[in-house]
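Q: Handing you a structure now.
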Amino acid sequence: MRFFAEFGAPNDIVGQGDIDSFDYLFLGNFVDRGTKSLEVICLLLALKLRYPDQIHIIRGAHEDIRLNKYHGLAEECELKLGDEPSEANSVFSMLNRLFEVLPIAAVIEDKVFASCGGIGPTIFTLSELETLRRPITLKDEPSMKIQKAVTEIVCQAPSENEDQVNRFLVQNGLSMVLRARECVADGIDELCRGTLVSVFSATNYGGRHANNAAMLTFRKTFKVNGELTSKCLAPMTNSSLDLWLDDRRRNDLERRPATPPRRRI
């Protein structure tokens, strides 16, 4: 909401809206990243319904019942909605069935491969991804090549090996890999000579890192090291944990390990 308030939100009000000029791409991990999981995912789904051709939502590591059952979403559903997460028709269960049919990656203007986790050591082609059928259940120990690639794209530690990144880009005729899973101090970080970019959109991650958050805008004429614009937010000085958390939940959140931000260079 701070990004929308500061830089503009998708709307179609004459003279104010930008939805006819911009597409919005959200790179996953919508839940378990604070105390507003339900509000965030409901807002994104409402925007998708309102602007189906301009709002794009892809799956992240925490859009997975193996994680969100224990890291916040299930408890939010229980506390805020009186939900019973174990029931098949609960809000929690229905959200996770929805997560399983979300796309796992996107390609921007035939140049940028975007996903939550970036790419891993399993090199694949875009045509291989297109053969996947949804719903997709993520596996702890995938056996097939494409299943390994999917797990890496969505939720495993991303590769920063420049040779691997370049091989993937050349094989698929692309220019850049964009990922969102890693917390970085300035909200954005460029690696591998600009062909691998991390963008992170939550300020003060975990309440302890004081990191900035960022969003990116691409022009259709985008080239690597060219027309890529970042917009950043600094942490709020009066940020605190929301009051709806009880003491047990607050302690759980404070103990939860957070990805340390990459240091500023």
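Q: If only one of 121, 135 is without any contact (Cβ under 8 Å) to a residue 40 or more places away in the chain and part of a loop (DSSP other than H, G, I, E, B), which one is it? Break it down stepwise before answering.
A: Details: 121 fails: without any contact (Cβ under 8 Å) to a residue 40 or more places away in the chain.
Exactly one residue qualifies, and that residue is 135.
For (1) more than 21 Å from residue 181 (Cβ to Cβ); (2) touching a Gly at 6+ places or on another chain (Cβ under 9 Å); (3) of a type in the set (Val, Ile, Thr); (4) surrounded by fewer than 18 Cβ atoms within 10 Å (Cβ to Cβ), each residue gets a yes or a no:
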{"position": "52", "(1), (2), (3), (4)": "yes, no, no, yes"}
{"position": "67", "(1), (2), (3), (4)": "no, no, no, no"}
{"position": "72", "(1), (2), (3), (4)": "no, yes, no, no"}
{"position": "75", "(1), (2), (3), (4)": "yes, no, no, no"}
{"position": "81", "(1), (2), (3), (4)": "yes, no, no, yes"}
{"position": "93", "(1), (2), (3), (4)": "yes, no, no, no"}
{"position": "98", "(1), (2), (3), (4)": "no, no, no, yes"}
{"position": "101", "(1), (2), (3), (4)": "no, no, yes, yes"}
{"position": "107", "(1), (2), (3), (4)": "no, no, yes, yes"}
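Q: Okay, next question. Can you tell me which residue within region 147-162, out of those that are in contact with a helix residue (DSSP H, G or I) (Cβ under 9 Å, 6 or more places away or on another chain) and outside any loop (DSSP other than H, G, I, E, B), is surrounded by the fewest Cβ atoms within 10 Å (Cβ to Cβ)?
A: Filtering first and then ranking leaves 162.
Q: Another question about this same structure. Working carefully through the options 130, 152, 160, find the one that is without any contact (Cβ under 8 Å) to a residue 40 or more places away in the chain, within 29 Å of residue 188 (Cα to Cα) and in contact with a Leu (Cβ under 7 Å, 6 or more places away or on another chain). Walk me through it before giving the result.
A: Numbers: 130 fails: in contact with a Leu (Cβ under 7 Å, 6 or more places away or on another chain); 152 fails: in contact with a Leu (Cβ under 7 Å, 6 or more places away or on another chain).
160 is the lone residue from the list that is without any contact (Cβ under 8 Å) to a residue 40 or more places away in the chain, within 29 Å of residue 188 (Cα to Cα) and in contact with a Leu (Cβ under 7 Å, 6 or more places away or on another chain).
FYI, it's all coordinate maths here, none of it is from the lab. Just so it is clear, the model here is predicted, and its values are computed rather than measured. Here Cβ is always computed from backbone atoms with ideal geometry, including for glycine, and neighbour counts include all displayed protein chains.
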